[in-house]
Amino acid sequence: MAIEKLSGSEALMRSLKEEGVELVFGYPGGASLHIYDALFNQEDVEHILVRHEQGAVHAADGYARACGKPGVVFVTSGPGATNAITGLATAYMDSIPVIVISGQVKAHLIGTDSFQETDMIGVSRPIVKHSFLAQRAEDIPEIVKKAFHIATTGRPGPVVIDIPKNVSDPSYTFNFIYPEEVDIRSYKPVKEGHSGQIRKAAKLILKSEKPVIYSGGGVIQDEASEELTKLAKMLNFPVTNTLMGLGAYPGTDKQFLGMLGMHGTYQANMVMHECDLIVAIGARFDDRITNEPNKFSLNSKKIHIDIDPASLSKIIDVDVPVVGSAKTCLNQLIKELERRATDYDSSKLDPWWKQIEAWRDSHGLNHSMLDTPPKNGKILPQQVIQSLYKESKGKAYVTSDVGQHQMFAAQYYHFDNPRQWINSGGLGTMGFGLPAAMGVQLAFPDADVACVTGEGSIQMCIQELSTCLQYGLPIKIINLNNSALGMVKQWQDMQYGGRHSQSTYGESLPDFVKLSESYGHVGIKVEDFSDLEAAMKECLSLKDKLVFLDVVVDEKEHVYPMLEAGMEMSAMWLDKDKKTWE
Amino acid sequence: MKRIIALLMENQSGALSRVVGLFSQRGYNIESLIVAPTDDPSLSRLTMTTEGDEKVVEQITKQLNKLIDVVKVVDLSEEEFVGRELLLVKLRATDDAKKKIKELGGEIVFESEELINTLFVGSSEEVDIFLSTLSKDEILEIARSGLSGVSSNEKLLTI
C-alpha cells in the first residue's frame, strides 16, 4: 500500500475512519477550522452540527450508551472547550466512552492569554480518564489509537485530545501510517477475575439463604446482561438494579425487585437491608444506594465484582472483592457454580421469596395507576410514564433529564433490555435528556426514542430542538410539567418547612406547543387525565415528526419511596405521612 | 499516620499535574513531594509523604494506579525502607553556628564572612533535630527536599 502524505487534520479524519467512527457531533470555531476543512473533504465520517457544545457531548454520550460505540465530539478552543466540560463530567461519572477533540490556539500562543485560549487539558483533568495534547501532526494517529483504546477498555471513560491549530495546519504533511496495535505499559486492564476469589464467591453463593444480586451500569457497559440473567435464573436469586443498571436484568421478570436506593422500591431496599449475601456486579455502592454506610446491610456477606480496583472496599468493606470485567467474571462464576452445585436446591430460598413477595405486596409500586382516574382530573406523573410504557409497548429507548421525572421513569417504565434506559446517573445533569436522545435516535433511526423530561430540565438544552429539525430526528419529548423544579421543591417540602426558595418560575414558562412549532415540530398539550391516552397515542404515531408532549401534571406529587438520610436502607418514606421507622 | 508512597510515572508533560491534582480532587494531603527522572529517562520517580489511615492510603494507591501515566506505585512505609531528606540552611557566619554544624554532622558547602550555607542529609527526624538545635536567630533561610526513599528488601520499584 502506498504511503500517503496527510496533514494533521487529514490524519485525524483518517484515524477516526480507521477506528470505525461514522458520526461526530460538534460545533466549529477558529481553532478547529483546519479540522472542519478536512471534515468537509471526506465522506466517511458524518458530522452533526449541534447548537451548543454541551449538547454535542451529551449527544455523543447518548449515542455511546445506546449502541456501545464510543461517541466523538469536535469543539473549538476556549468557550467551545469549556462548554464541553459539563458533558465530559457527565460521561466521566457514568464511565461512558466519549472522545472530545478540541481545537487549541497555536502552540506558540499557548500561555499568552490569546484569543479563545483555555487550558483545556488543565480544566478537564479531573473529569477525564486521560487526555492528550498533540504537539506534532505526526503524533495524531498514535494519539487517536491510544485515546480510543483508553476510552473503551477497562472502566470506560472520556478522553480529551487537544490539538493546537498549527498542528492541524494543512500546509504541513507527513507520511500517514495508522498503528495496528496499541501498547501502553502503564495501562493493562484486567478482565479475568482471580480464580481463588471466584471460588470463594461461589462458596458464599451456595451457602446463602437470603441472597440478592445488586447490579449496576458495569453489566450494561460490558454487555453482560445475558450472563447476569443466566446466573440469577440458575440460582433463583432476586435481582435489583441501580439507576445506571436498569435494563441489565429484564424489568418485567418476576425475580426483578425494581431499582434500589434513594428512590428504590420498598422490596429492593428491604432486601438489601435484610439479606445475608449481596452479590454486587458492576456497581459501586455510591451514596444514593447505601444511605448511611455505617448502617448499610450489616448482616450480609458481600461479594463485589468490578473492573475498577479503586471501587472495591471504597465505601463498603466487602468480604470477597473480585477485580475483573463483569462478563468474564460472571462466566467464571457460572462455570464454577455449575462445577460445584450439581445438587443445588433453590427451594431453600422459599422462605426468603415469601418474605420478598410480602414486602412487594405491602408497599410495592402500583403499576396500574391508569386504571384509577384521579378525582380532580389532574394527571399524576406516574400515570404519564405508565401511559408511555403502554403505548410504546415497552420497546422505546427512554432518555431522561434529572429530577422527579427521572425517578418516575426509572420506577415505572419496565426496561427489559440493556441500553434502553439512558440517563445521567452519577453527575445528575439537567439538560442531558434531549441531546442524549438525539444521539440515540441517530444510532437507531427507526427506533422509538422518548425523552422524559420536566419543564426545568428541558430548558437547559432546548436549543437542540433546532438540531433535531436539521437532521429530522423524530424524538418524542414527554414533558412532565409541574411548573416547578420538582425535586428541589419536594426536598423543600420535606426538610425546609415548605419554603419554596427559587423552585418556581411565576408565570414565565414558555408555551411549549408554540415553541415546538416555531422550531418546525409538533406540540401537544394535555391537561386532563381523560385526554392522556389519546395524546400519547397520537404522539407516538407521528413516526417522522418530533413531538413535544407537554403534560401538565399534579404539582403536589412527590417521589416515593425515599430513603431517610443518615439511616439504614430500611428507613423509607412511603408517602407524605407514612414512614417505615419509629 | 504518616505514609511514604513512591511511584514511577511517565516522564512527560502533564503527568505530575495529574498526580498532584488527584490529591486535591480526592481530598488527600501531601506533606512533601520530591520528583526527578530516573536512570531510565522515560520515567520519573516521585516520592510523597502523606497522612492517613490504612483505608485512605489504600484508596490513594489505587487511585494513583488508575492514572494512565503512572506505571507503578508502592507504599514504602508498609515495610522496612530507608528514607532521607536533604536540607540546606543559610545562616549567619558565627563561631557558635559553625561549631554546632560540626557537632551535628552538617557540611559547610559555602562560606563567606557573613554567611554560611550548610548541607545536612538524614531522616526526617534527624533533619528536625538538626534544625531545632540551630538557634532561630542564626537561621536565615532553609530549603528541605522532602523525603525520598527506597525499600530495604528485594522488592524493586523498577519496570
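The values are calculated or read from the model by the stated rules, or taken from the named source; none is laboratory data. The shown structure was predicted, so the numbers you read here are calculated from the model rather than taken from an experiment. All Cβ positions, even for glycine, are placed from backbone atoms using ideal geometry, and neighbour counts span all protein chains on display.
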(message) Among the residues that make up the range A:329-346, is at least one of them under 23 Å from the mean Cα position of the chain (by Cα), more than 16 Å from A:ASP286 (Cα to Cα) and at pLDDT 95 or above?
(response) yes
(request) Report yes if some residue within the range A:186-207 is crowded, with 21+ Cβ neighbours inside 10 Å, under 24 Å from the mean Cα position of the chain (by Cα) and farther than 22 Å from A:GLY428 by Cα; otherwise report no. (result) no
(request) Could you grab me the full set of residues in the range A:313-336 that are free of Cβ contacts under 8 Å to residues at least 12 places away in the same chain and crowded, with 22+ Cβ neighbours inside 10 Å? (result) none
(message) Suppose we keep only residues that are in a loop (DSSP other than H, G, I, E, B) and touching a helix residue (DSSP H, G or I) at 6+ places or on another chain (Cβ under 7 Å) within the range A:496-524. Which one would you say is nearest to A:GLY456 (Cα to Cα)?
(response) A:SER503
(message) Regarding the range A:392-410, can at least one residue be identified that is closer than 11 Å to A:LEU243 by Cβ, assigned by TED's automatic domain parsing to the domain that holds A:GLN490 and in contact with a Leu (Cβ under 6 Å, 6 or more places away or on another chain)?
(response) yes
(message) So in the range A:453-498, with the set limited to residues that are in contact with a Leu (Cβ under 6 Å, 6 or more places away or on another chain) and aliphatic (A, V, I, L, M), which one is surrounded by the most Cβ atoms within 10 Å (Cβ to Cβ)?
(response) A:ILE478
(request) Kindly provide the set of residues from the range A:283-310 that are under 27 Å from A:ILE150 (Cβ atoms) and in contact (Cβ under 8 Å) with a residue 60 or more places away in the chain, ordered by number. (result) A:ALA283, A:ARG284, A:ASP286, A:ILE305, A:ASP306, A:ILE307, A:ASP308
(request) Output the residues belonging to the range A:149-163 that are farther than 18 Å from A:HIS58 by Cα and surrounded by 22 or more Cβ atoms within 10 Å (Cβ to Cβ). (result) A:ILE150, A:ASP162, A:ILE163
(message) Please pick out the residue among A:PHE115, A:PHE74, A:PHE40 that is without any contact (Cβ under 8 Å) to a residue 24 or more places away in the chain and of a type in the set (A, V, I, L, M, F, W, C).
(response) A:PHE40
(message) Checking the structure you have, find out if any residue of the range B:105-120 is away from every other protein chain (no Cβ under 14 Å), within 21 Å of the chain's Cα centre (by Cα), on the phi > 0 side of the Ramachandran plot and surrounded by 12 or more Cβ atoms within 10 Å (Cβ to Cβ).
(response) no
(request) Just one of (1) part of a helix (DSSP H, G or I); (2) within 14 Å of chain B (Cβ to nearest Cβ); (3) not basic (Lys, Arg) trips up A:GLU138, so point out which. (result) (2)
(message) Is it the case, given these coordinates, that A:THR82 is crowded, with 20+ Cβ neighbours inside 10 Å, outside any loop (DSSP other than H, G, I, E, B) and not hydrophobic (A, V, I, L, M, F, W, C)?
(response) no
(message) Restricting to the range A:103-135, and then to whatever is more than 10 Å from chain B (Cβ to nearest Cβ) and in a strand (DSSP E or B), can you tell me which residue is farthest from A:VAL73 (Cα to Cα)?
(response) A:GLN104
(message) One residue is enough: does the range A:6-23 have a residue meeting the conditions in contact with a strand residue (DSSP E or B) (Cβ under 6 Å, 6 or more places away or on another chain), assigned by TED's automatic domain parsing to the domain that holds A:THR153, touching a residue at least 40 places away in the same chain (Cβ under 8 Å) and within 16 Å of A:ALA81 (Cα to Cα)?
(response) no
(request) Output the residues belonging to the range A:204-259 that are small (Gly, Ala, Ser) and either touching a His at 6+ places or on another chain (Cβ under 8 Å) or at pLDDT below 95 (or both). (result) A:GLY251
(message) Looking at the range A:188-195, can you tell me whether even one residue there is within 14 Å of chain B (Cβ to nearest Cβ), touching a strand residue (DSSP E or B) at 6+ places or on another chain (Cβ under 9 Å) and in a loop (DSSP other than H, G, I, E, B)?
(response) yes
(request) Residues being surrounded by 12 or more Cβ atoms within 10 Å (Cβ to Cβ), without any contact (Cβ under 8 Å) to a residue 60 or more places away in the chain and among the charged types (D, E, K, R): count how many of those fall in the range B:138-159. (result) 1
